[in-house]
Amino acid sequence: MTEQLREDAASTVVAQVRAPDAQIPRRAVRDERPPAERILDGAEAMFAQHGYAGSSLRMIAASVNVSHPGLLHHFPSKASLLFGVIDRLEAAAQTALDRCAALDGDPTAVVDHIVDVLDPCSPANQLLAVLDTEAVNCDFPGRFRIARLRRVYEHILARCAESLSRPGGPRRDVSPEFVARALMSLAMGHAVRERSVRALQREAHHDDPREDLRAIVALLLVP
């Protein structure tokens with residue numbers, strides 16, 4: 001009987017070890033990307049939350065588990081880190097501009113492109129909205145690059161407005177440039193709203209910012 005009990009106990013231990021749901025500690029997944037990319041990710045998140053002026057290199061380094069000297073090895077100053085973040089924003093704007101050529105003649109695709117490019121919920125646009133407000137400061141290192149980036153987006157939106165106007169008989173009382181400025185201003189304002197008003201709302205509201213963009217496009221471009 002004693003031998004049988006030993007065999008049963010051994011079988012139980014083996015079954016527990018082999019069980020698929022056994023509580024075996026898992027090693028944390030390492031981020032294998034280059035440190036510079038992880039640092040830029042951390043900078044984007046910090047700038048979007050605290051602004052450029054409110055973020056420090058030590059805060060950014062700690063957020064991505066990189067030492068302060070390690071961060072300085074890749075980005076010797078906060079301004080150089082900001083320029084790396086703006087490089088990413090400019091690359092995204094170039095991609096959006098390149099897509100415009102393939103959208104002519106398809107109103108649905110154009111409207112979808114406008115909404116995707118300006119999505120106030122996207123981290124990139126929320127970051128851009130924060131940096132755009134800081135660009136009014138003459139001491140802000142990225143002032144002119146952010147201003148130019150906003151103009152690039154206005155150019156993209158003007159091209160979209162022109163392509164929307166052609167098939168359906170354009171409204172003659174609004175220009176594509178006006179549409180571009182209005183949409184860009186709405187999107188940047190909504191991006192800020194998503195980080196402020198949205199956080200205070202305790203229940204569901206029918207205020208999807210993407211639908212607001214669609215509604216403004218219809219109001220400005222449909223005769």
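Some values worked out for this structure:
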{"item": "Rounded Å value of the spacing that divides the Cα centres of the range 45-59 and the range 143-163", "result": "25 Å"}
{"item": "Ala109/Ala215 FRET efficiency (R0 25 Å; Cβ-Cβ; nearest 0.05)", "result": "0.85"}
{"item": "Residues of the range 113-196: accessible area per residue with a 1.4 Å probe, Å²", "result": "47 Å²"}
{"item": "Net charge, Leu213 excluded, C-beta distance under 11 Å - Lys, Arg +1, Asp, Glu -1", "result": "-4"}
{"item": "Surface share of carbon and sulfur [accessible, 1.4 angstrom probe, percent] for the range 97-223", "result": "56 percent"}
{"item": "Coil-residue trypsin sites (Lys or Arg not before Pro) of the range 177-216, DSSP, other Cβ within 10 Å capped at 10", "result": "Arg202"}
{"item": "Exposure rank, largest accessible area first [Val130, Val192, Val136, Val179; 1.4 Å]", "result": "Val136, Val192, Val130, Val179"}
{"item": "In nm, spacing of pseudo-spin labels at Ala204 and Ser122 (7 Å Cα→C-beta vector)", "result": "2.6 nm"}
{"item": "Total formal charge among the other residues, if their Cβ is under 13 angstrom from that of Leu71, Lys/Arg +1 and Asp/Glu -1", "result": "+1"}
{"item": "Anisotropy class of the range 60-138 from Cα gyration tensor, a/c 1.5 cut", "result": "prolate"}
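The values are calculated or read from the model by the stated rules, or taken from the named source; none is laboratory data. Quick caveat: nothing in here was measured; it's all calculated off a predicted structure. Cβ coordinates were reconstructed from backbone atoms using ideal geometry, including for glycine residues, and neighbour counts include every protein chain displayed. Accessible surface areas use protein heavy atoms only, side chains included; no ligands, DNA or RNA. Shrake-Rupley method; radii C 1.70, N 1.55, O 1.52, S 1.80 Å.
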